[in-house]
Amino acid sequence: MNLLFVADPLESFKTYKDTTYTMMREAARRGHAIAACEPHDLRWQTGQPVAARVRPIHLTGQQDDWFTEDPAREAALKDFDAVLMRKDPPFDAEYLYATHLLQQAERDGARVFNSPQALRDHPEKLAIMEWPQFIGPTLVTRDAQAIRAFHAEHRDVILKPLDGMGGMGIFRVKDDGLNLGSIIETLNQNGATSVMVQKFLPEIAAGDKRVLIIGGEPVPYCLARIPQGGEVRGNLAAGGKGVAQPLTDADRATATAIGKVLAPRGLLLIGLDIIGTRVTEINVTSPTCFREILDQTGCDVPGIFVDALERAVGG
């Protein structure tokens, strides 16, 4: 296959842990050709298919100087066998515009994974609200008084912005309500910005589990991201310790139920965040943790993903 990755700058990749790199490495091992571009390289001109200035690359197997490249060239997205959207959040206006260009590329004939429409339809924080049977008490609002009432009911809560990643902007407010007003002002901006509030789940002490769903099926192992020191966040970007472990029966059942619904909507790769038995986020933009699970368990997550990609393109 001829693959195009729409991603962050190649020079920013940390190959010792980067999931997109593991995808590229497995695809290259199988003989697939790889090119990359960034969202700002996409363009759509009157009467022409969506195109991009792409960088054809070859992997060296080295950790630092990990690729060489041929001269950049203009190419229509429809001329690739698959386009993989792997740009990290935030899901801002430019990300949204990129999904519209990618959806037009689909109308041109391109195969895009994850589906641009599915990316728009499943914002990573809000998507959990479709599954009340799998989540804890949760509120999404711009109303500061509603946030205060939620805290008064549940006493120990987590507040987070809807567009963050890597644990950015997450606050815990305990029973004493210390700093609740200041946190609401910071996140809510006088009613201008929506906030998600969730009942605190003490099971976070055992880790915030990243459960991967590929082609509608859960990967057998997850990565429990365990908060360190006095930190409430388990995110690896916030200093959490990643420990790979087999899925529990409950996690497998939850992932299977969600995967059966979301995969047919165009979500080839999904990353559930589960604390205890409760889903806290459904990640669809650029789910990670392939490398950590592979290194700690030997479970070939990149191979499972490329298998699913080959089936999707072949089908």
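The values are calculated or read from the model by the stated rules, or taken from the named source; none is laboratory data. Being a predicted model, the structure only gives us computed values, none of them experimental. Heads up, the Cβs are rebuilt from the backbone with ideal geometry, glycines too, and the neighbour counts pull from every protein chain shown. Note: accessible area is taken over every heavy atom of the protein model, side chains too, but ligands, DNA and RNA are not part of it. Shrake-Rupley method; radii C 1.70, N 1.55, O 1.52, S 1.80 Å.
At a glance:
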| read-out | value |
| --- | --- |
| Ellipsoid semi-axes in whole angstrom, largest first, where each is sqrt(5λ) of the Cα gyration tensor of segment 106-158 | 35, 12, 7 |
| At 0.692 mPa s and 37 °C, Stokes D of segment 32-146 from Kirkwood alpha-carbon radius, µm² per second | 198 µm²/s |
| Sequence-distant residues sharing a close amide H with Asp208 (under 5 Å, placed H) | Arg225, Ile226 |
| Fraction of alpha-carbon pairs over 15 Å apart in segment 202-246 - percent | 41 percent |
| Against the rule of thumb 2.2 N^0.38 Å, how large the Cα Rg of segment 231-299 comes out | 1.16 |
| Placed amide H near Ala82: partners under 5 Å, 5+ positions off or other chain | Asn2, Leu4 |
| ³J(HN,Hα), Karplus 6.51/-1.76/1.60, whole Hz, each residue of segment 176-190, x for Gly, Pro | 6, x, 4, 6, 4, x, 5, 5, 4, 4, 5, 7, 8, 6, 6 |
| Structure-derived percent of Cα pairs over 32 Å apart: which label, when the choices are (1) 18; (2) 35; (3) 29 | (3) |
| Note, ³J(HN,Hα) from phi for segment 113-126, Karplus 6.51, -1.76, 1.60, rounded to Hz, x at Gly and Pro | 10, 5, 4, x, 5, 5, 4, 6, 7, 10, x, 5, 7, 5 |
| Projected label distance in nm at Arg30 and Gln62, using a 7 Å step from Cα toward the beta-carbon | 2.8 nm |
| Cα-based Rg / Dmax (Å) for segment 1-95 | 13.3, 42 |
| Mean accessible surface per residue for the chain, computed with a 1.4 Å probe while every protein chain stays in place, in Å² | 44 Å² |
| Most positive-pole-ward Cα, Pro123, Leu102, Ala82, against dipole of segment 1-144 from beta carbon charges | Ala82 |
| Within the accessible area of segment 91-186 (1.4 Å probe), percent carbon and sulfur | 52 percent |
| Interatomic Cα distance distribution for segment 144-188, bins of 5 angstrom, percent | 5, 23, 35, 23, 11, 2 |
| Cα-based helix-to-principal-axis angle, 19-29 vs the chain, degrees rounded to 10 | 30 degrees |
| C-alpha center-to-center spacing [segment 1-80, segment 147-199] in angstrom | 38 Å |
| D_trans [Stokes-Einstein, Kirkwood Rh over alpha-carbon pairs] for segment 70-198, 20 °C, 1.002 mPa s, µm² s⁻¹ | 126 µm²/s |
| Segment 153-262: proportion of alpha-carbon pairs further apart than 18 angstrom, % | 59 percent |
| Under the Karplus curve 6.51 cos²θ - 1.76 cosθ + 1.60, θ = phi - 60°, whole-Hz ³J(HN,Hα) for segment 104-112, x wherever Gly or Pro sits | 5, 4, 4, 5, 5, x, 6, 10, 10 |
